[in-house]
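The values are calculated or read from the model by the stated rules, or taken from the named source; none is laboratory data. Treat the numbers as computed from the prediction; the structure is a model and nothing was measured. With ideal geometry, Cβ positions are generated from the backbone for all residues, glycine too; neighbour counts draw on all protein chains shown. Ligands, DNA and RNA are stripped out before the accessible areas are found, and what is left, the full protein with its side chains, is counted by its heavy atoms. Shrake-Rupley method; radii C 1.70, N 1.55, O 1.52, S 1.80 Å.
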Amino acid sequence: MARTITVGSADGSLTLLTGRQGLAGKAGHDLTLTVKNWSGEATLDDSGALTELAVSATLASLEVTKGEGGLKPLSDKDKVTILDQAAKTLQAQKHPLVTFTMSGTTGGNDQQQVTGMATIAGASRPVSADLTVTRTGQQARIVGSADVIQTAFGIKPYTGMLGALKVRDLVEVRVEVTTTLPD
């Protein structure tokens, strides 16, 4: 019997990992941003494999949770500046949500590659994610990641210091959820 679960921020984490490059790359930080307001609905078949998945994330809920590298630690002011710039880059005023809707899956019960359409900054493009779904009794744990190329969605990655500091085009999206399955 297929089971549909609703998940969100209370059930786990949705994080974005960015990197830096360019001549002044050492001055910047590799960032971990956490999405504080997101939700999703997933359907698992009897074996625990995903058959349906839809996720929505609110860009205004982004929070800088970690900054690695750089010439100095991130200050609270730096974090505010980063979030302001991310909102501009992602056109969050005009497109406040990022969504993903699964269209297919390959692989076995535990390891699956999920394909679907992501909509970011008003542009929809195909994205694939590698997921591990583990079921233990009534508990389901979903862990996965996807690589998103900003320019594929018409997003120009952030640059600073007259172009010498750049955010990498590739952003890694990670999800980790634990939830109780309905009877």
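Every condition in (1) more than 21 Å from Val35 (Cβ to Cβ); (2) small (Gly, Ala, Ser); (3) at pLDDT 95 or above holds for Ala118 except the one numbered (1).
Just checking, does region 158-171 include any residue being within 24 Å of Lys36 (Cβ to Cβ), touching an Asp or Glu at 6+ places or on another chain (Cβ under 7 Å) and open to solvent by 30 Å² or more (accessible area, probe 1.4 Å)? Let's see the steps before the verdict.
Within region 158-171, the subset within 24 Å of Lys36 (Cβ to Cβ) is 158, 167-168, 170-171.
Subset that is touching an Asp or Glu at 6+ places or on another chain (Cβ under 7 Å): 170.
The next check asks that each one be open to solvent by 30 Å² or more (accessible area, probe 1.4 Å); those that pass are 170.
Yes, the conditions are met somewhere in region 158-171.
Scanning region 144-156 for residues that are part of a loop (DSSP other than H, G, I, E, B) and under 16 Å from the mean Cα position of the chain (by Cα) yields a single hit, Ile155. Among the residues making up region 50-64, a single one is in contact with a helix residue (DSSP H, G or I) (Cβ under 9 Å, 6 or more places away or on another chain) and among the hydroxyl-bearing types (Ser, Thr, Tyr): Ser61.
Against the condition of a type outside the set (Phe, Trp, Tyr), open to solvent by less than 40 Å² (accessible area, probe 1.4 Å) and touching a residue at least 12 places away in the same chain (Cβ under 8 Å), how does Leu90 come out, does it pass? Yes; evaluated as a whole, the condition is true for this residue.
Going through (1) buried (at least 18 other Cβ atoms within 10 Å of the Cβ); (2) assigned to a strand (DSSP E or B) one by one, Thr4 falls short only on (1).
In the condition set (1) free of Cβ contacts under 8 Å to residues at least 40 places away in the same chain; (2) in contact with a strand residue (DSSP E or B) (Cβ under 8 Å, 6 or more places away or on another chain); (3) of a type outside the set (Asp, Glu); (4) open to solvent by less than 60 Å² (accessible area, probe 1.4 Å), Phe100 is compliant with all but (1). Among the residues making up region 157-183, a single one is in contact with a Lys or Arg (Cβ under 8 Å, 6 or more places away or on another chain), part of a loop (DSSP other than H, G, I, E, B) and at pLDDT 90 or above: Arg168.
A count restricted to region 16-35 and to residues that are surrounded by 17 or more Cβ atoms within 10 Å (Cβ to Cβ) and in contact with a Lys or Arg (Cβ under 6 Å, 6 or more places away or on another chain) stands at 4. Among the criteria (1) within 17 Å of Thr4 (Cβ to Cβ); (2) open to solvent by less than 30 Å² (accessible area, probe 1.4 Å); (3) among the small types (Gly, Ala, Ser), the one Ser39 does not fulfil is (2). Residues to consider are Ala152, Ala123; find the one that is small (Gly, Ala, Ser) and surrounded by 14 or more Cβ atoms within 10 Å (Cβ to Cβ). Matching residue, one of Ala152, Ala123: Ala152. Of the numbered criteria (1) of a type in the set (Gly, Ala, Ser); (2) within 22 Å of Thr18 (Cβ to Cβ); (3) surrounded by 13 or more Cβ atoms within 10 Å (Cβ to Cβ), the one Gly107 fails is (2).
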